[in-house]
Each structure stands twice: as structure tokens, then as C-alpha cells.
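To keep things clear, I will list the structure first and then write my remarks on it.
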Amino acid sequence: MTFSIVGRDPVTGDLGVAVASKFLAVGALVPFARAGVGAVATQSYVNPNYGPDGLRLLSQGLSPEEVAAEFRRTDPDIAQRQFGIVGADGRSVTFSGEGCHAWAGGFTGPDVAIQGNILTGPEVVEAMRVEWEAAEGQPLPRRLLAALRAGDAAGGDKRGRQSAALLCVGPRRGYGGLTDDWVNLRADDHADPGEELERLLGIHDLLFGRPGSTRELTGEELEWLRALLIVQDHATSLPAGPWDPETEAAAWALYGTENLEERWVPGGQFDPVALAYLAERYGDEVRPAPLSPQEREAPAGE
């Protein structure tokens with residue numbers, strides 16, 4: 001009772017799953033992924049063991065087709081199941097048992113497997129395929145979510161909406177570069193879960209994105225920042241002039257308060273995305289922050 005897309009970024013090797021359903025907390029049962037191994041979506045009278053078992057078999061060197069054959073061999077209820085698998089090398093497979101509720105089906109291509117059941121029709125899978133191909137070059141979470149939302153717009157689950165999830169992994173993509181777990185977002189019970197995932201991904205990109213570029217503050221900006229740090233009780237006083245250790249310590253405390261640690265750069269360099277966020281959130285508490293219009297409108301997902 002679900003539609004999903006499993007995908008791989010051919011440039012970075014990132015892997016992930018996006019899924020939506022008229023089902024509570026679909027993200028708890030359907031998506032599984034492991035960096036350097038593969039990704040699995042398991043649905044339709046879901047067998048949640050397909051996730052860990054599929055990843056284990058992929059890690060042992062089996063292809064997605066061979067994993068699918070193993071599922072068919074060992075699961076007596078395979079006729080009711082549906083799943084999609086993409087391996088770390090981009091090979092893929094989708095399977096829809098003959099006992100899945102109509103409409104059910106899928107599509108596979110290099111780096112992608114799309115599947116759904118109890119859909120309004122094949123146009124859902126086709127819309128997802130078209131959007132996946134059109135979004136080539138976007139970061140994998142954005143590309144997967146764009147395809148999922150295209151499927152929803154084309155009709156999606158014919159019973160309606162309830163939940164959606166987005167799971168992505170990549171080498172050292174996670175917090176602090178200490179884990180491969182990258183994006184793990186869920187809208188468990190929502191009137192428009194796809195839109196909610198879009199909102200959550202924007203926050204995720206802001207807080208956990210890493211700087212694409214940096215620059216030093218102008219004298220006016222540095223004066224504004226120091227005033228803000230004092231107003232926010234991160235310092236009682238700060239010296240004027242060039243960047244200094246006291247200002248750095250206070251600025252680091254502000255970044256920690258805002259959960260912007262992933263966008264921190266020491267030594268007086270600033271990520272424009274983080275600076276634009278601070279200007280929007282706090283600019284008027286001291287005085288309007290001296291940022292250019294371009295930086296005020298900087299996208300959070302940079």
C-alpha cells in the first residue's frame with residue numbers, strides 16, 4: 001500500500017530511498033540503506049526482514065537480481081510482496097508479486113528502482129521516472145524527493161496520504177563526518193507528508209549542510225556580530241578591530257545554540273548560508289544586518 005523510489009547518485013555513490021503511503025509511519029518499515037552496499041524498499045504486506053537481509057546479501061557480493069531470487073526462494077508469501085533494490089554498483093531490480101493489490105508495478109534503470117501498489121495507475125510510476133531523470137545532477141535527497149512528489153501529484157496511493165520518509169547514506173556524509181548516515185527524515189502522520197518532508201529537508205540542509213564557500217566579514221558585519229553576541233549573552237564585552245579569539249569563542253557558542261556546528265569555520269571565515277540565517281533570525285535585535293540582498297536570499301541547501 002505504498003509507492004517508493006530507491007536510487008543511487010552515480011557521481012558520489014550516495015544511496016537512498018524515498019517512500020510515501022496511506023499508512024502510519026511508513027518510514028519505520030520500508031526504507032533501508034547502507035553506504036557502499038545498497039538500498040532496499042520493502043512493501044506490500046511488508047516483510048521488514050527484506051531490509052537487513054537484503055543489505056547483508058548485497059554486502060556478501062550478491063547482485064540485486066540474486067537477492068531477489070533469494071527472497072523468492074525463501075519467502076512463502078512472496079506473491080504478496082513488493083520490493084526494490086539498488087546495489088552500490090548501480091545495478092537494480094524491482095519485484096511485484098502477483099498477489100499485490102492493483103494497480104501494482106514498477107520500473108528499473110541504472111541507479112534506480114521505482115515501485116508501487118494500490119496506486120491510481122501506472123502514471124504514478126511514470127511520473128516518478130520522468131522526474132528522476134529530469135532531476136539528474138541534484139543532490140540525491142533532493143532528486144529522490146522530487147520523484148516522490150511527482151508520483152504523489154500524479155495520483156499516488158489511491159487511498160490517500162498519511163506518511164512519507166526519506167533515507168539517504170553516503171561515505172562520511174553524517175554528522176561531523178563520523179558516520180555514513182546522512183538524511184533520515186519522516187512525516188509519520190500528516191495531511192501532506194510530501195510537503196512536510198520538503199520543509200524538513202530544508203531545515204536539514206541548513207543545519208547539517210557544509211559550507212560550499214566562505215568569506216571574511218566586513219568591518220560593519222563584524223561590528224554587528226559582536227553586538228549580537230553580547231545581546232545574546234555569549235560575551236559581556238568584545239574588543240574592536242580584527243577578528244580575535246574572544247569573538248571566535250563567543251561566535252562558536254552562538255553557532256552551538258543554533259545547531260549550526262556543521263557550518264562552522266574557524267579563524268574568522270563565514271559560511272554565507274549560516275550568516276544569512278543569523279541575519280534573518282537576529283538582524284533586528286541589534287540593527288538590520290549588513291548583508292547583501294543576494295546573501296539574504298541564499299538557499300539553505302547550498
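The values are calculated or read from the model by the stated rules, or taken from the named source; none is laboratory data. Remember, it's a predicted structure, so these values are computed and weren't measured experimentally. Counting neighbours? That spans all protein chains shown, and the Cβs are built from the backbone with ideal geometry, glycine included. Each accessible area value is taken on the protein alone, full model and side chains, heavy atoms only, with ligands, DNA and RNA left out. Shrake-Rupley method; radii C 1.70, N 1.55, O 1.52, S 1.80 Å.
What to note about this one:
- Selection status of E126, outside any loop (DSSP other than H, G, I, E, B), closer than 20 Å to T42 by Cα and acidic (D, E): yes
- Within region 181-202, tally of residues that are open to solvent by 60 Å² or more (accessible area, probe 1.4 Å) and assigned to a strand (DSSP E or B): 3
- Selected residue (criterion: farthest from N184 (Cα to Cα)) from residues of region 207-220 that are of a type in the set (D, E, K, R) and touching a strand residue (DSSP E or B) at 6+ places or on another chain (Cβ under 8 Å): E216
So that you can scan it fast, the table gives a plain yes or no per residue for (1) surrounded by fewer than 24 Cβ atoms within 10 Å (Cβ to Cβ); (2) touching a helix residue (DSSP H, G or I) at 6+ places or on another chain (Cβ under 9 Å):
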| position | (1), (2) |
| --- | --- |
| S4 | no, yes |
| D9 | yes, yes |
| A25 | yes, no |
| G61 | yes, no |
| E66 | yes, yes |
| D77 | yes, no |
| E98 | yes, yes |
| A113 | no, yes |
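- Residues (farther than 9 Å from F83 by Cβ and either in contact with a Cys (Cβ under 7 Å, 6 or more places away or on another chain) or open to solvent by less than 20 Å² (accessible area, probe 1.4 Å) (or both)) located in region 37-50: G38, A39
- Only one entry of E133, E126 meets the criterion of being under 12 Å from G7 (Cβ atoms) and out of contact with any Gly (no Cβ under 8 Å at 6 or more places or on another chain), and that entry is E133.
- Subset of region 151-180 [in a loop (DSSP other than H, G, I, E, B), more than 26 Å from A127 (Cα to Cα) and open to solvent by 40 Å² or more (accessible area, probe 1.4 Å)]: P171, R172, R173, L178, T179, D180
- Conditions (1) assigned to a helix (DSSP H, G or I); (2) closer than 25 Å to L140 by Cβ; (3) more than 20 Å from the chain's Cα centre (by Cα): number failed by D205: (3)
- Any chance W132 is at pLDDT 95 or above, in contact with a strand residue (DSSP E or B) (Cβ under 7 Å, 6 or more places away or on another chain), farther than 24 Å from Q82 by Cα and aromatic (F, W, Y): no
- Pairs linking a residue in region 16-37 that is farther than 20 Å from G174 by Cβ and part of a strand (DSSP E or B) to a residue that is charged (D, E, K, R) and open to solvent by 20 Å² or more (accessible area, probe 1.4 Å), with Cβ atoms under 9 Å and 6 or more positions apart or on different chains, are A20/R149; A20/D152; A20/R161; S21/R159; S21/R161.
- Test: R34 is surrounded by fewer than 22 Cβ atoms within 10 Å (Cβ to Cβ) and more than 25 Å from L197 (Cα to Cα): no
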